[in-house]
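A.B. asks: The structure that follows is given in the form of structure tokens.
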Amino acid sequence: MAKFFLTLCLLATALTGHAREAPLAAQDPALEARMVQIASELRCLVCQNQTIADSHAALAVDLRNQVLEQLKQGRTDSQIIDYMTARYGDFVLYRPPLKAVTYVLWFGPGVLLLASLAILFVVLRRRSRMAPEAFDPDEPDGLAPDAHLR
Amino acid sequence: MRYLKFLLPLAVFLGLVGFLAVGLKLDPKEVPSPLIDKPAPSFSLTRLDNAAQTIKREDLLGKVWMLNVWASWCVACREEHPLLVEFSQRKLLPIYGLNYKDTRPEGLKWVARFGNPYDASLFDQDGRVGIDWGVYGVPETFIVDRQGVVRFKHIGPLTPEVIRARIEPLIRQLNG
């Protein structure tokens, strides 16, 4: 199943590799621009690394039309995003929302970076306070093969 | 202390391998549905075999039922179909089909040729009901309880394991 979709996506990419934009669906350029802006925030679930703005999958076309239709009805961007997440979950959002289950995702890398900087700082400070005798003296290469035993 | 220098990186490495091993087994195509334990989306569609007869969400309240999303153009649906036909013969629960973005003649030809496991198929020509159900990869299978709450979703073709390990126990639990 997954392989089938992958093949389909690859085929679609190969056939449309000439940077052809997805066909316009609206006559009104302003509305079209808003539609594309919302659609580029949404993940296409068939070809998962594409937004529904640049995917050619049939579902992406349907969802773009859905966005357009709702814009014409005067719904706000956030109402439309809510409509999509109610059906497809937070996974459709390219920018995951900040909430309890995504704290690790949002803050994990920063916490890891700070933790490793703190460890580096502690190690370097400890070493700077050690007496010079605690370190192996510099030896020319090739000499004192038993140096590591000391 | 001396060994720690060697064991610590090894432990970190093994931890990383563990995460990667789990990550390899996860299927990114299996997106968890936000519909689970939520009321099933409302719908009102005509039957595939009878354009004059409409089936609504409310008509199905009071029974545990299965919704199987299919289409005549869907290759994986054919793969799943014999299993579904066999499952339907055991009459564990009513099975409703959602004929997704198909045409009536093609859909009818398909069930006539490969067998009809469905109590009825709902005809969703433009895929709007499919979107409401969060359908993105046909076939998909849902189980809805008596109160009209979605209790289970499977993406992709059903397998004997899924039916045995997930669907049968759930039907027993919901009917029990």
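A.B. asks: For segment A:63-99, which trypsin sites (Lys or Arg not before Pro) are in a loop by DSSP, counting at most 15 other Cβ atoms within 10 Å?
C.D. replies: Working: sites: A:R64, A:K72, A:R75, A:R87, A:K99; in loops: A:R75, A:K99.
Hits after loop and neighbour filter: A:R75, A:K99.
A.B. asks: Over the heavy atoms of B:I171, what accessible area does a 1.4 Å probe trace out, to the nearest 10 Å²?
C.D. replies: B:I171 exposes around 10 Å² with every protein chain in place.
A.B. asks: Then there's this: For the protein assembly as shown, state the average projected area of the convex hull of the C-alpha atoms over all orientations, rounded to one decimal in nm².
C.D. replies: Values: hull surface 110.0 nm².
It is 27.5 nm².
A.B. asks: Where a ≥ b ≥ c are the square roots of the eigenvalues of the C-alpha gyration tensor, would you call segment B:59-145 rounded, which needs a/c under 1.5, or, failing that, prolate if a/b is larger than b/c, or oblate?
C.D. replies: Numbers: a/c = 1.58, a/b = 1.09, b/c = 1.45.
It is oblate, given that a/c is not under 1.5 and a/b is not larger than b/c.
A.B. asks: What distance in nm separates the two pseudo spin-label positions at B:F114 and A:R75, each 7 Å out from Cα along the beta-carbon direction?
C.D. replies: Rounded to a tenth, the inter-label distance reads 3.2 nm.
A.B. asks: Now a separate question. Hey, got the average number of other protein chain Cβ atoms within 10 angstrom for residues in B:127-138?
C.D. replies: Values: counts 7, 2, 0, 3, 8, 3, 1, 7, 4, 12, 7, 2.
Other-chain Cβ atoms within 10 Å of each residue's Cβ, averaged: 5.
A.B. asks: Considering every residue in B:29-40, what mean count of other chain Cβ atoms within 10 Å of its Cβ is obtained? Let's see the in-between values first.
C.D. replies: Values: counts 7, 1, 8, 3, 4, 8, 4, 1, 0, 1, 0, 0.
Average per residue, whole number: 3.
A.B. asks: Also, I was wondering about something else. Relative contact order of chain B, please, whole-number percent, based on alpha carbon pairs below 8 angstrom and at least 6 residues apart.
C.D. replies: Computed over chain B, the figure is 27 percent.
A.B. asks: Can you give the accessible area of B:V64 in Å² (nearest 10), computed on protein heavy atoms with a 1.4 Å probe?
C.D. replies: Only protein atoms counted, so the area is about 10 Å².
A.B. asks: Something else: Name the trypsin sites (Lys or Arg not before Pro) in segment B:1-61 that are in a loop by DSSP and that have at most 15 other C-beta atoms within 10 Å, would you?
C.D. replies: Working: sites: B:R2, B:K5, B:K25, B:K29, B:R47, B:K56, B:R57; in loops: B:R2, B:K29.
Of the trypsin sites (Lys or Arg not before Pro), the ones in loops of segment B:1-61 whose Cβ has at most 15 other Cβ atoms within 10 Å are B:R2.
A.B. asks: Relative contact order for segment B:97-141: what is it in percent, counting Cα pairs under 8 Å that are at least 6 residues apart? Write out the running numbers ahead of the final one.
C.D. replies: Values: 33 pairs, mean separation 22.6, N = 45.
It comes to 50 percent, rounded to a whole number.
A.B. asks: Moving on. Per residue of B:73-84, what is the mean number of Cβ atoms on other protein chains within 10 angstrom of that residue's Cβ?
C.D. replies: On the way: counts 1, 0, 2, 3, 0, 0, 2, 1, 0, 0, 0, 0.
Mean shielding count: 1.
The values are calculated or read from the model by the stated rules, or taken from the named source; none is laboratory data. If you're wondering where the values come from, they're calculated on a predicted model, not measured in any experiment. Backbone-built Cβ (ideal geometry, glycine too); neighbour counts: all protein chains shown. Note: areas computed on protein heavy atoms with side chains; ligands, DNA, RNA excluded. Shrake-Rupley method; radii C 1.70, N 1.55, O 1.52, S 1.80 Å.
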